[in-house]
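Participant: First the structure, which I've put down as structure tokens, then a few questions once you've had a look.
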Amino acid sequence: MDKISIQLSKIHKSHLGDIAILLSGSVITAVLSFLAAPILTRIYPPSDFGYLAIFLAIVNSLFPAATLRYELSINMHHNNKLSQYGILLSIVISLFVCFIIELMILIQPSILLTIFNSSEMKPYIYFIPVSIFCLSLITTFGYWFTHIKKFHCQTTAQIVQTIIRLASQILFGFLGSLQSAGLLIGQILAHIAGALLAVFLYFKHTQKKQRLLSINYNTLKSFAFKHINLPKHTITTNLINGVAGNLFPVLLAYYFSPAAAGLLFLAQQLLEAPFGMINKALWRVSYGKLSKETKKPHIAYRTLRKIHSNVSLLYSIPVLVLISFSEYSSIIFGESWKDFALIIPGYCFYVYFKNLSNATSYFTIFHKFTQESVWNIINLTVRILSIIIAANITDDPINCITIYCFISSLVYIGINTYWGLVSLQLGVFWENIAITIIPVLTIAYLISNFTNSLLNKLLLTSIFLVLFLFLSIKRLRKIG
């Protein structure tokens with residue numbers, strides 16, 4: 001066995017177990033969200049979901065840059081004491097940034113109220129910095145748990161946060177005076193609970209000798225300057241990326257209505273969650289292991305190729321289920337959500353291509369900050385243009401969402417093709433498409449058009465799900 005194979009086997013040894021732990025939390029969270037969705041959609045109209053979508057769009061656009069990305073430094077050191085300085089810097093910086101944002105909202109709240117287009121939301125815009133700070137804490141400690149291989153801490157926090165969010169949203173939905181803001185209140189409470197739990201788990205699972213019992217300010221200053229490339233090269237990129245990923249619901253509400261943004265939000269929660277959580281789990285595990293292998297790109301390239309190639313089948317499972325049963329969405333979610341079925345196919349494929357190989361993760365791992373910045377600027381520009389073009393050629397928000405998904409899918413195919421050419425992995429990218437999306441399309445078409453009864457659909461879908469799951473597990477074992 002050559003040296004590369006030996007090194008690869010060491011990296012892969014615990015990979016499958018780590019992914020399984022993180023995926024278990026993702027799967028449970030997704031299942032809970034699916035089960036609660038029919039209840040929430042009968043309590044709240046699409047417009048209320050739209051207000052939540054705008055709130056989260058603002059929070060998610062800003063929070064990645066709140067720490068100046070110093071949390072990435074946590075996994076760059078074998079010395080746990082040095083990693084603690086990454087945690088401290090991230091917390092202090094995010095606290096300062098959130099304080100500035102709160103001041104800006106207090107001075108000029110009318111800007112956000114214009115975006116929400118509702119004076120009833122005024123009390124809740126002041127919680128935007130609170131949510132940003134809480135998410136910064138959750139993310140920072142998440143990287144620490146990855147560093148010390150306590151993946152179950154992330155899983156626990158994820159599940160508890162989801163339970164609190166769903167329970168609060170359902171409870172407040174039955175309170176007349178707060179019903180319209182129940183979704184927002186539940187989300188804010190979940191952010192706060194998640195942050196408190198992350199802090200608790202940190203103290204529980206971090207040995208006392210590893211904590212920063214005393215702070216050496218010279219070391220802290222030296223650490224900040226040593227990793228100055230993180231904010232220097234990633235702050236603009238992350239802001240652009242955050243805006244690009246969260247701008248659509250805001251513009252959709254602006255051009256059409258909050259109800260249109262609510263339809264999109266439900267699609268993001270139910271269709272993107274299964275993909276995004278799998279991808280996030282892979283990314284967390286991969287980054288923790290590969291950030292130390294940047295000087296050995298041949299190992300990192302081969303490792304990432306195996307991960308994304310073998311896990312691509314997992315993406316087929318939610319696609320198959322969602323497309324096959326899209327016609328029953330009005331029965332599941334209620335009559336006010338009957339238009340939801342129309343956006344499922346297009347949105348599924350957009351999310352599929354977005355997460356298939358996660359080309360942007362290569363840029364971060366190999367510190368290709370210039371390329372990442374160029375990609376994010378192109379991504380943001382294309383997204384804005386696609387939304388504006390779609391909104392001006394159609395008066396139907398469903399058509400607007402479909403056009404946006406189509407253009408965005410082409411962009412992600414383009415970036416993955418580019419990275420495939422650069423890393424000589426283009427064949428792997430198209431192989432992933434061939435073994436997943438083509439069979440899924442064929443099977444979904446057969447199930448939708450040649451089976452009339454719900455029982456037959458369930459039976460056929462179950463058979464194919466078992467097949468895909470078997471193939472996925474078989475291929476994933478090669479990673480470990």
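Participant: Can you name every residue in the range 138-190 that is hydroxyl-bearing (Ser, Thr, Tyr) and without any contact (Cβ under 8 Å) to a residue 24 or more places away in the chain?
Facilitator: Ser168, Ser177
Participant: In the range 63-86, what residues are surrounded by 16 or more Cβ atoms within 10 Å (Cβ to Cβ) and without any contact (Cβ under 8 Å) to a residue 60 or more places away in the chain?
Facilitator: If the condition is that a residue be surrounded by 16 or more Cβ atoms within 10 Å (Cβ to Cβ) and without any contact (Cβ under 8 Å) to a residue 60 or more places away in the chain, then His77 is the only one that fits.
Participant: Which one is nearest to Ala261 (Cα to Cα), of the residues in the range 376-433 that are in contact with a Ser or Thr (Cβ under 6 Å, 6 or more places away or on another chain) and modelled with pLDDT of 80 or more?
Facilitator: The qualifying residue nearest to Ala261 (Cα to Cα) is Cys400.
Participant: Just to be sure I understand, how many residues within the range 224-273 are touching a Lys or Arg at 6+ places or on another chain (Cβ under 8 Å) and either crowded, with 20+ Cβ neighbours inside 10 Å or among the small types (Gly, Ala, Ser) (or both)?
Facilitator: 5
Participant: Name the single residue that is surrounded by the fewest Cβ atoms within 10 Å (Cβ to Cβ) among those in the range 126-140 being farther than 13 Å from Ala193 by Cα and over 17 Å from the mean Cα position of the chain (by Cα).
Facilitator: Here the answer is Tyr126.
Participant: A further question on this structure: So, restricting to helices (runs of 4 or more DSSP H) that lie completely within the range 54-164, which ones have at least 2 residues that are among the basic types (Lys, Arg) and in contact with a helix residue (DSSP H, G or I) (Cβ under 7 Å, 6 or more places away or on another chain)?
Facilitator: Once the helices (runs of 4 or more DSSP H) in the range 54-164 are filtered for at least 2 residues that are among the basic types (Lys, Arg) and in contact with a helix residue (DSSP H, G or I) (Cβ under 7 Å, 6 or more places away or on another chain), nothing remains.
Participant: For the subset of the range 317-365 comprising residues that are under 19 Å from Tyr404 (Cβ atoms) and either among the small types (Gly, Ala, Ser) or in contact with a Lys or Arg (Cβ under 8 Å, 6 or more places away or on another chain) (or both), which member is modelled with the lowest pLDDT?
Facilitator: This residue is Ser326.
Participant: Please go through (1) over 22 Å from Gly242 (Cα atoms); (2) modelled with pLDDT of 80 or more for Ile58 and return the number of the only condition it doesn't satisfy.
Facilitator: Unmet for Ile58, out of (1) over 22 Å from Gly242 (Cα atoms); (2) modelled with pLDDT of 80 or more: (1).
The values are calculated or read from the model by the stated rules, or taken from the named source; none is laboratory data. Predicted model, so just to flag it, every value in this text is computed and none were measured. Cβ atoms come from the backbone with ideal geometry, glycine included; neighbour counts cover every protein chain shown.
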